[in-house]
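Heads up, the thing below is written out as structure tokens.
The values are calculated or read from the model by the stated rules, or taken from the named source; none is laboratory data. From a predicted model like this one, the values you see are computed outputs, not experimental measurements. Cβ atoms come from the backbone with ideal geometry, glycine included; neighbour counts cover every protein chain shown. The protein model used for the area step is the full one, side chains on, heavy atoms only, and it has no ligands, DNA or RNA in it. Shrake-Rupley method; radii C 1.70, N 1.55, O 1.52, S 1.80 Å.
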Amino acid sequence: MAGAAHCSLQAKRLLLDPKFEGYKLSLEPLACYQLGLDAAVAEVQLRDDQYTLDHMRAFGMYNYLHLDSWYQDNVYYVDQFGRVMNLSVTLDTALQKPREVFRLPTDLAACDNRLCASMHFSSSTWVTLSDGTGRLYLIRSGKRGSSASEKWEIVFNEELGSPFIVAHSVSFVNSDAHSLAVLLLRVEKDELDTKGSGFHVTLEWVTIAERKEGDHRYEIIKRRVLQGKSVPHYAAIEPSGDGLMIVSHKPFTFMQSESDKLQENDDAKVSNEKKDPLYYWQQTEDDVTVTVHLPQDITKDDIKIRFSPDNICVTLKDQTPLMEGNLYSSVDHESCTWIIREDKSLEISLIKKNEGCRWPELIIGDTRGELIMDPSQCSEIAESLMHLTSEVMNPNPEKENPPCNAQELEECDAFLEDGTSLCRFDGDTLKVTHIINLGSNQYLFSVVVNPKEMPCFCLRHDVDALLWQPHSDQPENMWEHIATFNALGYVQASKQDKKFMACAPDYSYAALCECLRRVFIYRQPTPLATVLYNRKEGRQVGQVAKQLVATLEANDPILGFQATCERLFVLTTKTLFLIKVNSGN
């Protein structure tokens, strides 16, 4: 992942509540409606050869209920007869039975190694659908949620190899041609993996476009495959189809074709020939000195250097900048100088604004320079790190600040996947352009807030759950903190039977369900209509956050779970439940 920009997520302080006091259990009744299904949901049980944790995450915990974010309160599922069934809600008191909108042409029962049928709503009129046998359908649906205009018509269908589920899809226009990009997820046997689980995970990124002949037919124009060793928590294509974002415990890399490998070998040979650094730099606590070797014909008049507090630009003879980019830390740009030395080298002096700050790099992301350190600096760094190493385990346990004792952590704070990272891949170079090490920021769930944007993802930050909206078209604000669910990170960790999590697109509540019956709802704090005092502190409480619990009248396991601004939809094998959480405006 050399060359990738290492980024971090910046939480907005205004969206954090350090004085949050917890959720108060509310006994207010929740209106719950249920619809019996004409036929059971097409659940596919894991086979004996699907025994790994990745199989369980990808297929065993699959959400069989699909929310159409382009239309309000519109959900779909596939039943055991291969029918795509739809429920569109306007009035809870006038619920219609789920209606058939499409029937899969293949006989699902005839395929022994099939997976569950899956779908994704690429736009307000396009759907991508998999029957679980390895066949992909592109469907023009018309305006959905309305029986009058909704008519599902197959525009493209093709066998794409071993069975997969549709992880994500987008619809966009590229070079005046309508295109769809689809992400297919597989867990495949890995003959070379003798020490691990024996399986690897692949994400196939397929781009399908309308043919230019004008016959309105669609064809595959690009197939790219990423491979990793864990099922991604989150994988989504950018709305423009130019990039891909993945949150996963273990890294993903593109599998190269033979022509790509030859090209990369040529590039490696070229890069090996250019071994000499472009510049050398050294630093003290107060300043940074940069030395650049100049070509023989360069004079003082040919050199243009622009200093700013956080940026530097060096240009020779009005050519492409020799050095340009953001500095690691701010400088006093009015005090920065440069001279040409006798050996025809350019020497640039930068005055640090933050004295004593040690810079690990000169220009962020620029690897063409080489840092020169004198022996005294090396010994100083070694000495400053000495306290972090010892030949004795916990040599001085009685001192004022003993090291952290893992035994003092609560069980719900234990989080094994501390290697989780968020990577952004470029669709042209197939390389990682941005990477964020999520560390102990546990991934919780994803939600579509705006269907024209990428799905948001929710991470645990300390005890809270923070919602992040990716903006692929805003490099300076690529991941925006848009909402906080107070203490939800801590609360969900105690729910050992948790199966699905979700939140309303307007952030008014978050919810989670267990494998059977119980649903927990956590509302955002709201102002109180009556006066309430905190007895311990003797102060008035202005607002309170409520926890509500709903118990479903069903013995079947929960197979699907979706949240809208007003309702929760819960799918079991034979019943679809609607829980009214918020009243409409």
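Return the pairs, sorted by first residue and then second, in which the second residue is hydrophobic (A, V, I, L, M, F, W, C) and not in a loop (DSSP other than H, G, I, E, B), the first residue lies in the range 187-204 and is free of Cβ contacts under 8 Å to residues at least 40 places away in the same chain and not assigned by the TED database to the domain that holds Ser248, the beta carbons are less than 8 Å apart, and the residues are 6+ apart or on different chains.
Filtered contacts from the range 187-204: no entries.
Of all the residues that make up the range 176-190, how many are open to solvent by less than 30 Å² (accessible area, probe 1.4 Å) and either β-branched (Val, Ile, Thr) or in contact with a Ser or Thr (Cβ under 9 Å, 6 or more places away or on another chain) (or both)?
In the first step, residues of the range 176-190 are kept if they are open to solvent by less than 30 Å² (accessible area, probe 1.4 Å); the result is 177, 179-187, 190.
Still in the list and also either β-branched (Val, Ile, Thr) or in contact with a Ser or Thr (Cβ under 9 Å, 6 or more places away or on another chain) (or both): 179-187, 190.
Qualifying residue count for the region: 10.
If Ala181 satisfies all but one of (1) under 24 Å from Lys212 (Cβ atoms); (2) in contact with a helix residue (DSSP H, G or I) (Cβ under 7 Å, 6 or more places away or on another chain), what's the number of the condition it fails?
Against the list (1) under 24 Å from Lys212 (Cβ atoms); (2) in contact with a helix residue (DSSP H, G or I) (Cβ under 7 Å, 6 or more places away or on another chain), Ala181 comes up short only on (2).
List every residue pair whose Cβ atoms lie under 6 Å apart, where the two residues are 6 or more positions apart in sequence or sit on different chains, the first residue falls within the range 58-72 and is assigned by the TED database to the domain that holds Gln562, and the second residue, located anywhere, is among the hydrophobic types (A, V, I, L, M, F, W, C) and open to solvent by 30 Å² or more (accessible area, probe 1.4 Å).
Sorted first by the residue in the range 58-72, then by its partner, the pairs are Gly60/Leu46; Ser69/Val448.
Applying the selection to the range 340-359, what residues are open to solvent by 30 Å² or more (accessible area, probe 1.4 Å) and within 36 Å of the chain's Cα centre (by Cα)?
Those that are open to solvent by 30 Å² or more (accessible area, probe 1.4 Å) and within 36 Å of the chain's Cα centre (by Cα): Lys353, Asn354, Cys357, Arg358.
Going by the conditions given, is Ile364 open to solvent by 60 Å² or more (accessible area, probe 1.4 Å), modelled with pLDDT of 85 or more, out of contact with any helix residue (DSSP H, G or I) (no Cβ under 6 Å at 6 or more places or on another chain) and not polar (S, T, N, Q)?
Numbers: open to solvent by 60 Å² or more (accessible area, probe 1.4 Å): yes; modelled with pLDDT of 85 or more: yes; out of contact with any helix residue (DSSP H, G or I) (no Cβ under 6 Å at 6 or more places or on another chain): yes; not polar (S, T, N, Q): yes.
Yes.
So is Tyr490 on the phi < 0 side of the Ramachandran plot, modelled with pLDDT under 95 and exposed (fewer than 14 other Cβ atoms within 10 Å of the Cβ) or not? Explain how you work it out, then say what you get.
Details: on the phi < 0 side of the Ramachandran plot: yes; modelled with pLDDT under 95: yes; exposed (fewer than 14 other Cβ atoms within 10 Å of the Cβ): no.
The answer is no for Tyr490.
Residues being under 15 Å from Asp131 (Cβ atoms), part of a strand (DSSP E or B) and either open to solvent by 10 Å² or more (accessible area, probe 1.4 Å) or among the basic types (Lys, Arg) (or both): count how many of those fall in the range 79-89.
So the count comes out to 1.
Answer with yes or no whether Asp92 is of a type in the set (D, E, K, R), buried (at least 20 other Cβ atoms within 10 Å of the Cβ) and closer than 19 Å to Phe577 by Cα. Show your work before the answer.
On the way: of a type in the set (D, E, K, R): yes; buried (at least 20 other Cβ atoms within 10 Å of the Cβ): no; closer than 19 Å to Phe577 by Cα: yes.
Spelling it out, it is not the case that Asp92 is of a type in the set (D, E, K, R), buried (at least 20 other Cβ atoms within 10 Å of the Cβ) and closer than 19 Å to Phe577 by Cα.
In the range 422-459, what residues are polar (S, T, N, Q) and either over 27 Å from Lys499 (Cβ atoms) or assigned to a strand (DSSP E or B) (or both)? First the steps, then the outcome.
Pass one, the range 422-459, residues polar (S, T, N, Q): 429, 433, 437, 440-442, 446, 450.
Selection gives Thr429, Thr433, Asn437, Ser446.
Residues being at pLDDT below 80 and surrounded by 10 or more Cβ atoms within 10 Å (Cβ to Cβ): count how many of those fall in the range 367-381.
Applying the first criterion (at pLDDT below 80) to the range 367-381 yields 374-381.
If we keep only those that are surrounded by 10 or more Cβ atoms within 10 Å (Cβ to Cβ) too, we end up with 374, 377-381.
Adding up the residues that qualify gives 6.
Pairs please, first residue from the range 15-26 and over 13 Å from His461 (Cα atoms), second anywhere and loosely packed, with under 11 Cβ neighbours inside 10 Å, Cβ atoms under 9 Å, 6+ apart in sequence or on different chains.
Glu21/Asn534
Which residue out of Asp215, Asp193 is touching a strand residue (DSSP E or B) at 6+ places or on another chain (Cβ under 9 Å), acidic (Asp, Glu) and either open to solvent by less than 50 Å² (accessible area, probe 1.4 Å) or in a loop (DSSP other than H, G, I, E, B) (or both)? Steps first, answer last, please.
On the way: Asp215 fails: touching a strand residue (DSSP E or B) at 6+ places or on another chain (Cβ under 9 Å).
Step by step, each of Asp215, Asp193 is checked, and only Asp193 is touching a strand residue (DSSP E or B) at 6+ places or on another chain (Cβ under 9 Å), acidic (Asp, Glu) and either open to solvent by less than 50 Å² (accessible area, probe 1.4 Å) or in a loop (DSSP other than H, G, I, E, B) (or both).
Report, by residue number, each residue of the range 233-248 that is on the phi < 0 side of the Ramachandran plot and open to solvent by less than 20 Å² (accessible area, probe 1.4 Å). Walk me through how you get there before you give the answer.
Initial filter on the range 233-248 (on the phi < 0 side of the Ramachandran plot): 233-240, 242-248.
Passing the criteria: Tyr234, Ala235, Ala236, Ile237, Glu238, Gly243, Leu244, Met245, Ile246, Val247, Ser248.
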